[in-house]
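Everything below concerns the one structure shown next.
Values quoted throughout were computed directly from the atomic coordinates according to the rules given, and no laboratory measurement underlies them. Keep in mind that this is a model prediction, so the values were computed, not measured. All Cβ positions, glycine included, derive from the backbone under ideal geometry; neighbour counts span all protein chains shown.
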Amino acid sequence: MQLIPWHTGNRVSTLDSLFDNLFQLSGQPSQARQPSAPVNVYENETAFVIEVELPGVDQKDVEVKLHGDELTVTAERKHSHATKDGDFHRVESHFGRFSRTVRLPEGLQTEAIDATFSRGVLTLTTPKAPERTPTRIEVKAK
C-alpha cells in the first residue's frame, strides 16, 4: 500500500512546510547554509563594539569598509584541497569569500574606528560622540 500525501487544493499545512524545510536544510546545501561569519554587537558607556568571528582567516584576507552608516567586513577563508594523508570524504567547513554588513547607529565617531584582529576574532570599536548636555530653559510666570 502506497501512502499519498493529502492536500486540500494548493494549500499545504504549516506543519508539513516546517518539516519540508527541516529536511531540505539537513540534506543538500541551501541558502541558509552559505558561508557566513557570526557577529556579536554590543555597546558600553564609551563605545559601540562589533565582534566578527573569523576562524581560519588570515588577517591579510580581511577588509573593512565604511560607507555612510554601514560598516562592511569582507573576508576570505581559503581551503586546501589536498591533505597529507589522503583525500577528503566529507567537507563541512565553510570556505570562500563572504561579507557581513552592520548599520551603525547615530552619535558615533566613525572617523575613529579601531579594528583589531586576535585569535580569529575581528573587533571593531567605534567611540561614542561626546554627549551634548541639554540646555535648561527657565520657565517664568507672567
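Please list 3J(HN,Hα) in residue order for the stretch 93-107, calculated via the Karplus relation 6.51 cos²θ - 1.76 cosθ + 1.60 where θ = phi - 60°; whole Hz, with x for glycine and proline.
Here the 3J(HN,Hα) series is 6, 7, 8, x, 8, 8, 8, 9, 10, 10, 7, 7, x, 6, x Hz.
What does the charge count around Leu122 come to, taking other residues whose C-beta lies under 12 Å from its C-beta (Lys +1, Arg +1, Asp -1, Glu -1)? Show your work: numbers first, answer last.
On the way: positive: Arg100, Arg119; negative: Glu51, Glu53, Asp58, Asp61, Glu63, Asp114.
Net charge in that neighbourhood comes out at -4.
Each label point is 7 Å from the Cα along the Cα-to-Cβ direction; what then is the distance between the points at Thr123 and His89, in nm?
4.1 nm
May I ask you to list the residues of the stretch 55-76 whose amide nitrogen lies under 20 Å from a point 7 Å from Cα along the Cα→beta-carbon direction of Ser99?
55, 57-76
Under a Cβ-Cβ cut-off of 12 Å, what is the net charge of the residues other than Glu53 that fall near it, where Lys and Arg count +1 and Asp and Glu count -1?
On the way: positive: Arg77, Arg100, Arg119; negative: Glu51.
With Lys, Arg at +1 and Asp, Glu at -1, the neighbours total +2.
By a straight-distance test (C-alpha under 18 Å), which aspartates and glutamates pair with Lys78 as possible cross-link partners, with residues fewer than eight away in the same chain excluded?
Partners found: Glu53, Asp58, Asp61, Glu63, Asp87, Glu92.
Quick check: net charge around Arg77, other residues with Cβ under 12 Å of its Cβ, Lys/Arg +1 and Asp/Glu -1? Write down the numbers at each step before the final one.
Numbers: positive: Lys78, Arg97; negative: Glu53, Asp58, Asp61, Glu76.
That works out to -2.
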